[in-house]
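Engineer: The structure that follows is given in the form of C-alpha cells.
The values are calculated or read from the model by the stated rules, or taken from the named source; none is laboratory data. This one's a predicted model, so the numbers in the text were calculated from it and none came from an experiment. Counting neighbours? That spans all protein chains shown, and the Cβs are built from the backbone with ideal geometry, glycine included. Note: areas computed on protein heavy atoms with side chains; ligands, DNA, RNA excluded. Shrake-Rupley method; radii C 1.70, N 1.55, O 1.52, S 1.80 Å.
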Amino acid sequence: LRLSEKGCGFGMDEKLGKLGEFGVIDLFRRMVRPARDWVSTGIGDDCAVLKLGGAERLLVTTDMLVEDVHFLRDGISPSQLGWKSMAVNLSDIAAMGGDPAAAFLALGLTPDIDRTFLNALRDGLLDCASRFGVDLLGGDTVASNGGLVLSLTVLGRASSTEVVTRNGAGPGDVVFVGGGVGDSAAGLHLLLGSPGQIDPADRGQLLKAHLEPQPQVELGRLLARNHLVTAMIDVSDGVLQDLGHLCEESQVGADLLADQLPVSGAVRRLALSAGRDPLDWALSGGEDYVLLFCVPSDREAEAIRLCEKELEIQVVPIGTIGKERRIRVRRDGVWTRPEELGYDHFRR
Ligand code: ADP
Ligand code: MG
C-alpha cells in the first residue's frame, strides 16, 4: 500500500524528487565493485546471488514496509501486515527461481503498539513463513518515533543452473505473467477511495489481493527446474515498470500487448463503476506479486502446458522481447510508447 495510487506525494525535497527511487539506488550501485569472488549477482536483481560450495547458490533479499507509505494502520489487520511483509520478500526469492529458507525480522515499533497487535502480526508472518517452509532465525527490535516499520531479510537457495536473473532475455522470447494483474491496485483504490457500488465478492477478492498477496514460489521453482525461462522478475512496481527493469538489465526492449493482460472481472467491474481505466491498474498499479518471465518462443506451448499440468496455473503470454531498447504497448490495435512507467517512491 502506498497511500496514493500514483507516487507517494510526500514532502520530499526537489532533489530527491528528481533523482527518483532508481536514481538513488544507482548512486550506490555505480560505486560498488564486489571485493569477493563469491558474488555472482549484486545490486540490480530481485536477490543477490552468492556462490557457496559447488553448484549451491545462496539468494538474499530485503524489503521494508513503512507505515503511512506502504500501509495505513487501520487499512490492514496486524496479521495481514505480518503475512504481507513475509510474502513480498518471498516473491523476490520466487523471481530468482529459488527455494526460500530463512528470514530475519527487523521491527521499528511505536509506543502505542500492544501485545495483542504483536501476537497477531507474529501469527500472520509465521503463517506465511510456514506455508513456504521458511524459518525465522533472527532480527532486530527498536523503537520508532515515526511510524511502524517492518523490514525483512530472506535467504533462499538454488543450484547454479536454476538461478534466473533479470538479464538473460533475448529477442524473440515470449513475455509471460504468472497470474492476474490489477487486482491489488483496484484493492488499494477501494481502501483509499469512496468505493461506491461493489459486489461483496469482488470487494473481498480485490482487498485480499492487496492485503494478502500470494508469492508464486512454486511457479518460480517449476520454471527454474525445467530451465524454461531466460529472465524473470516479480511484479512489485507494475507490469510496465518491472518489464522495463528486466529489459534494461537484459539490454533489450519489448512489445507489450495490453489487451492480452489477464485482468479479472472484479477489476473491470470496479473500474467501470469508478470511471477508471482497468488497464491503468493492470499496467502501472503494482503490488501484484505475480512473476513476469521470458520463455524462448519454441518453448512457449511447453511452458503453458507444464504450468497448467503441474500447478494448475494459467500463465499468459503478454508480448515479445525485441532488440530495439524501448517498450511499446499495443492497445486496441494502436502502438504507444508509455511515458508513465508505474510507481516510483520519490519521483513526482
Ligand atoms: P525489488 O522490487 O525486487 O525488491 P527494488 O526495486 O527494491 O527491487 O531494488 C532494485 C535493486 O536495488 C535490488 O537489487 C535491491 O537489492 C537494490 N537496492 C535497493 N535499495 C538499495 C540500497 N539502498 N542500497 C543498495 N542496493 C539497493
Ligand atoms: Mg522484485
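Engineer: Name the residue, out of Asp234, Asp242, Asp183, that is crowded, with 21+ Cβ neighbours inside 10 Å, under 22 Å from Cys307 (Cβ atoms) and away from ligand 2 (no atom under 16 Å from the Cβ).
Structural biologist: Asp183
Engineer: Another one. Is there any pair linking a residue in region 87-102 that is over 22 Å from Arg122 (Cα atoms) and open to solvent by less than 10 Å² (accessible area, probe 1.4 Å) to one that is near ligand 2 (Cβ under 9 Å from one of its atoms) and aliphatic (A, V, I, L, M), with Cβ under 6 Å and at least six apart or on different chains, and which?
Structural biologist: From residues that are over 22 Å from Arg122 (Cα atoms) and open to solvent by less than 10 Å² (accessible area, probe 1.4 Å), the pairs are Ala95/Ile233.
For every residue, the table says whether it meets (1) among the polar types (S, T, N, Q); (2) open to solvent by less than 10 Å² (accessible area, probe 1.4 Å); (3) outside any loop (DSSP other than H, G, I, E, B); (4) within 16 Å of ligand 1 (Cβ to nearest atom).
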position: Gln80; (1), (2), (3), (4): yes, no, yes, no
position: Asp127; (1), (2), (3), (4): no, no, yes, no
position: Leu137; (1), (2), (3), (4): no, no, yes, no
position: Gly147; (1), (2), (3), (4): no, no, no, no
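Engineer: Aliphatic (A, V, I, L, M) and open to solvent by less than 10 Å² (accessible area, probe 1.4 Å): does that describe Leu211?
Structural biologist: So Leu211 fails the test.
Engineer: Restricting attention to region 241-258, report how many residues are within 16 Å of ligand 1 (Cβ to nearest atom) and under 7 Å from Ile327 (Cβ atoms).
Structural biologist: 3
Engineer: Quick check on Asp74: is it part of a helix (DSSP H, G or I) and open to solvent by 30 Å² or more (accessible area, probe 1.4 Å)?
Structural biologist: Considered against the rule, which asks whether it is part of a helix (DSSP H, G or I) and open to solvent by 30 Å² or more (accessible area, probe 1.4 Å), Asp74 comes out as yes.
Engineer: OK, next. Could you identify the single residue in Asp332, Asp259, Asp288 that is modelled with pLDDT of 95 or more and open to solvent by 30 Å² or more (accessible area, probe 1.4 Å)?
Structural biologist: Just a single option satisfies the conditions, and that option is Asp259.
Engineer: Only one of Val334, Val290 is closer than 21 Å to Leu222 by Cβ and not small (Gly, Ala, Ser); which?
Structural biologist: Val290
Engineer: Another one. Which pairs do you get when a residue that is within 20 Å of Ala55 (Cα to Cα) and away from ligand 2 (no atom under 16 Å from the Cβ), found in region 29-42, comes within reach of a residue that is in a strand (DSSP E or B) and open to solvent by less than 100 Å² (accessible area, probe 1.4 Å), reach meaning Cβ atoms under 6 angstrom, with the pair 6+ apart or on two chains?
Structural biologist: Here the result reads Trp38/Leu50; Trp38/Lys51; Ser40/Val49; Ser40/Lys51, each pair linking region 29-42 to a residue that is in a strand (DSSP E or B) and open to solvent by less than 100 Å² (accessible area, probe 1.4 Å).
Engineer: Let me ask you something else. Taking the condition surrounded by fewer than 24 Cβ atoms within 10 Å (Cβ to Cβ) and out of contact with any helix residue (DSSP H, G or I) (no Cβ under 9 Å at 6 or more places or on another chain), does Arg225 pass?
Structural biologist: Yes.
Engineer: Applying the selection to region 17-59, what residues are open to solvent by 40 Å² or more (accessible area, probe 1.4 Å), hydrophobic (A, V, I, L, M, F, W, C) and within 13 Å of ligand 1 (Cβ to nearest atom)?
Structural biologist: Within region 17-59, Leu19, Phe22, Ile25, Leu27, Phe28, Met31, Val32, Val39, Ile43 meet the criteria.
Engineer: Any residue that is in a loop (DSSP other than H, G, I, E, B), aliphatic (A, V, I, L, M) and open to solvent by less than 80 Å² (accessible area, probe 1.4 Å) - is there at least one of those in region 300-319?
Structural biologist: There is at least one residue in region 300-319 that is in a loop (DSSP other than H, G, I, E, B), aliphatic (A, V, I, L, M) and open to solvent by less than 80 Å² (accessible area, probe 1.4 Å).
Engineer: If the Cβ limit is 7 Å and pairs must be 6+ apart or interchain, which residue in region 248-261 that is farther than 19 Å from Gly182 by Cα pairs with which residue that is of a type in the set (S, T, N, Q)?
Structural biologist: Listed by first residue and then by second, the contacts come to Glu249/Asn167; Ser250/Asn167; Ala254/Thr320; Asp255/Thr320.
Engineer: Let me confirm something: among His227, His189, which residue is under 30 Å from Ala271 (Cβ atoms), more than 16 Å from the chain's Cα centre (by Cα) and in contact (Cβ under 8 Å) with a residue 40 or more places away in the chain?
Structural biologist: Exactly one of His227, His189 is under 30 Å from Ala271 (Cβ atoms), more than 16 Å from the chain's Cα centre (by Cα) and in contact (Cβ under 8 Å) with a residue 40 or more places away in the chain, namely His189.
Engineer: Taking the stated definitions as given, is Ala254 open to solvent by less than 10 Å² (accessible area, probe 1.4 Å) and of a type outside the set (Val, Ile, Thr)?
Structural biologist: yes
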